[in-house]
Amino acid sequence: MKTSIATVSIAGDLRDKLAAISQAGFDGIEIFEQDFIAYSGSPGEIGEMVRDHGLRIDLFQPVRDVEGLPEPLRAKAFDRIERRFDLMEELGTDLLLVSSSTHAQSLGGVDRIAADFSELGERAAARGMRIGYEARSWGRFVSDYRDAWEVVRRANHPAVGLILDSFHTLAKKVDPEGIRSIPADKIFHVQLSDAPMIAMDLEYMSRHFRVMPGEGDLPVLDFLRAVAGTGYDGVFSLEILNDQVRGSSARIAALDGYRSLLYLADELNRSEPASKIDVPEMPAKGRVHGVEFVEFSASDAEAETLGGMLHTLGFSPVAQHIAKSVTLWRQGDINIVINTEQEGFAHSSYVMHGTSVCDVGLMVEDAGATVERARVLGANLFSQPLGAGELDIPAVRGVGGSVLHFLDQESELGKVWEKEFRSLEPDAAATPAGLNRIDHLAQVMKHEEMLTWALFYTSIFEIEKAPAVDVPDPNGIVHSRALQSTDGAIRLTLNGVDTHRTFAGRFVSDSFGSSVQHIAFATDDIFATARQLADNGFESLPIPKNYYADLESRFSLDDETVADLKAANILYDEDGAGGAYFQLYSRPYGDGFFFEIVERRGGYNDYGAPNAAYRTAALKRLSRPAGVPRH
């Protein structure tokens with residue numbers, strides 16, 4: 001697979017961009033006019049710099065408003081093309097993108113436009129150049145690939161071909177299947193990007209909301225299937241115009257781009273082996289059976305406080321690590337690990353973030369295959385020295401510098417608790433509260449990182465994205481997106497923040513980037529759980545009475561149910577299809593971490609988003625006032 005990315009897709013000056021693109025693994029670039037003009041070197045020096053990074057220049061762009069013009073505008077446009085050819089010769093590239101015109105004085109007419117491209121083809125051929133015609137989805141006369149192909153077909157010149165762009169096809173909801181009828185040798189270049197499925201002016205969306213394939217909602221795989229069906233074996237390039245991406249790290253954006261191309265090609269190869277694209281072999285997506293453990297890093301003193309909180313939740317300490325200061329707490333199928341080691345990764349995490357979740361263990365179908373897929377897709381592998389009797393559990397770095405470990409039941413990794421831990425005497429004072437498994441984990445990050453981590457999870461695991469929602473906070477908005485497997489075995493919510501003033505944003509700021517802000521435990525009877533929690537001394541998050549008055553007006557709940565919800569501080573939601581959701585929260589702990597207890601009924605598959613604003617306001621009322629230092 002020949003990979004490329006437009007320099008406009010990532011942030012930085014041209015030299016920084018080239019370094020990031022090369023390090024990510026791309027073969028080439030599309031050089032944008034802005035990057036060329038802003039750089040102080042000559043075109044020849046730029047071309048040498050590109051090649052010094054092991055890259056080639058696959059395309060020079062953009063050129064617009066060329067075809068269908070009356071004289072003297074036509075002559076001026078053609079002279080402009082000639083000047084581009086001069087630059088391209090010095091740069092060392094031979095393909096120029098011409099995008100369909102929006103010029104107010106363009107006359108249109110397919111024969112007129114084709115005649116223009118026939119002449120441009122002659123000029124290009126005389127210079128050893130080629131011209132690729134791209135249909136912009138808001139073009140005045142040519143706005144989809146079928147019209148652009150008709151122009152190229154009628155121009156009938158070997159130096160004139162088609163440039164296909166997934167955004168311009170899919171955002172306009174044009175069926176890509178017609179691409180299969182285009183001769184492969186007339187497709188000069190293919191650009192790939194994704195976008196959210198939202199109602200918006202196409203030009204504005206194109207310039208601000210394009211994302212990497214797999215990060216949006218467009219059927220990019222269908223587009224790629226159609227292109228591959230032609231036998232096309234040329235360059236697949238990314239053209240990403242996105243305010244978030246261009247405001248983030250060039251290195252991360254380039255790595256995301258390369259990952260997205262490998263992921264997309266792998267999806268194509270698995271769905272249509274006959275149209276196989278040459279990419280590194282990788283195992284299939286990892287199937288996740290659930291969260292096997294969550295590990296906290298803590299000091300000895302804070303471990304006692306955290307342990308006391310777990311005790312009120314019905315957990316009990318059941319085992320101690322054979323060689324380390326690590327204790328396993330358990331209830332049902334939930335394993336919580338508290339690590340108070342004074343060296344190693346967990347201690348480093350504690351020094352950086354304070355008491356926080358430093359490690360999450362996922363039970364997967366095949367741990368070795370999962371970590372291999374993650375490696376091929378560019379994840380950062382994690383390891384640390386093993387002590388006597390410890391298992392070598394494969395792992396990668398996750399959100400906020402945390403770690404994801406992979407275990408499976410088909411190897412000795414599934415026996416980690418028996419091999420690495422020794423049982424403790426039962427805690428007679430501990431009373432389980434009916435919590436049986438981890439329902440979901442909520443991870444917080446800067447808003448600009450959400451696309452990166454959504455792609456990370458969806459490319460490695462059998463996990464799908466739910467529609468993004470904006471959750472109101474008294475001091476701003478939190479952008480939230482749920483990721484989950486079809487069977488609900490693994491559920492994650494990614495929460496992106498733009499400001500430290502929101503509750504989630506303050507957690508990120510105060511914890512210096514800790515990722516997991518809350519853990520949601522599942523129960524089969526939340527009212528029985530709430531009663532036992534109260535007996536255990538658990539302090540639930542107080543919910544204002546006004547919430548329950550509003551609840552009565554929104555749902556058809558009987559007075560007794562509302563009274564029970566109110567008495568236990570339980571929040572409630574429905575999905576309109578017979579599903580119901582119950583939520584009970586702890587008070588905030590430390591820098592804003594908290595626990596949640598949930599019950600799902602009737603196939604409810606969401607996360608109680610309508611309640612988030614009330615929960616956040618309640619948590620903020622009990623948190624350390626703004627401006628008060630942590631210590």
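Since every read-out is calculated from the coordinates, none of them should be taken as a lab result. Every value quoted in this text rests on a predicted model; they were computed, and no experiment measured them. Counting neighbours? That spans all protein chains shown, and the Cβs are built from the backbone with ideal geometry, glycine included.
Structure summary
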quantity	calculated
Derived scalar couplings ³J(HN,Hα) [the stretch 564-573; Karplus, 6.51 cos²θ - 1.76 cosθ + 1.60; whole Hz; x for Gly, Pro]	5, 4, 5, 5, 9, 6, 9, 8, 9, 8
Order of SER586, SER22 under a 10 Å beta carbon neighbour criterion, fewest first	SER22, SER586
Distant-in-sequence amide H partners of GLY398 (H built 1.01 Å from N, under 5 Å)	VAL403, LEU404
The stretch 435-622, relative contact order in percent, only Cα pairs under 8 angstrom and at least six apart counted	23 percent
Nonlocal amide H pairs with LYS172, under 5 Å, H built at 1.01 Å	none
Residue-wise HN-Hα coupling along the stretch 266-279, computed from phi with Karplus coefficients 6.51, -1.76, 1.60 (Hz; x: Gly, Pro)	5, 4, 4, 4, 6, 8, 9, x, 5, 9, 4, 9, 6, 9
Relative contact order (percent, whole number), the chain, Cα cutoff 8 Å, 6+ residue spacing	9 percent
³J(HN,Hα), Karplus 6.51/-1.76/1.60, whole Hz, each residue of the stretch 109-126, x for Gly, Pro	x, 4, 5, 4, 5, 4, 5, 4, 6, 5, 5, 4, x, 4, 5, 5, 4, 5
Inter-probe distance in nm under a simple model that places probes 7 Å from Cα toward Cβ, at GLN320 and ARG180	6.7 nm
Entries in LYS17/LYS285; LYS324/LYS419; LYS446/LYS620; LYS17/LYS465 that, when Cα-Cα distance is taken, lie over 21 Å	LYS17/LYS285; LYS17/LYS465
Span per principal axis, largest first, for the Cα atoms of the stretch 478-541 (Å)	39, 33, 16
The stretch 375-422 versus the stretch 260-276: alpha-carbon centroid distance in Å	29 Å
Extended-chain gain in nm, criterion 0.36 nm per residue less alpha-carbon gap, LYS419 and SER556	44.1 nm
The stretch 435-622: C-alpha pair distances exceeding 32 Å, %	11 percent
Debye-sum result for the stretch 516-595 in log10 I(q)/I(0), which assumes one identical scatterer on each alpha carbon, at q = 0.20, 0.25 Å⁻¹	-0.99, -1.34
Of every Cα-Cα pair in the stretch 288-423, the percent that sits beyond 24 Å	27 percent
Calculated [θ] (222 nm, deg cm²/dmol) that DSSP helices of n ≥ 4 give over the chain, each run adding -39,500 (n - 2.57)	-10500 deg cm²/dmol
Euclidean distance between Cα centres, the stretch 166-231 to the stretch 103-130, Å	24 Å
ASP535, ASP510 arranged by Cβ crowding within 10 Å, fewest neighbours leading	ASP535, ASP510
Convex hull per residue volume in Å³, alpha carbons only, for the stretch 15-104	100 Å³
Order of GLU462, GLU239, GLU177 under a 10 Å beta carbon neighbour criterion, fewest first	GLU177, GLU462, GLU239
The chain: angle of helix 43-52 to the longest principal axis, Cα-based, in degrees nearest 10	50 degrees
Antiparallel bridge percentage (DSSP; both residues within the chain; nearest 5)	55 percent
More than 43 angstrom apart: percent of Cα pairs within the chain	33 percent
Cut-off under 5 Å, modelled amide H: who pairs with ARG437 long-range	ASP333, ALA522
Local electrostatic count at LEU381 - Lys and Arg +1, Asp and Glu -1, tallied over other residues with Cβ under 15 Å	+1
Taking the stretch 439-504 and dividing mean pair separation by its residue count, relative contact order in percent (alpha carbons under 8 Å, at least six apart)	41 percent
Loop trypsin sites (Lys or Arg not before Pro), the stretch 118-176, which have at most 13 other Cβ atoms in a 10 Å radius of their Cβ (DSSP)	LYS173
Those lysines that a straight Cα-Cα span of less than 16 Å connects to LYS545, excepting residues fewer than 8 apart in one chain	LYS566
Label-point separation in nm, ALA274 to ASP243, each point 7 Å along Cα→Cβ	4.5 nm
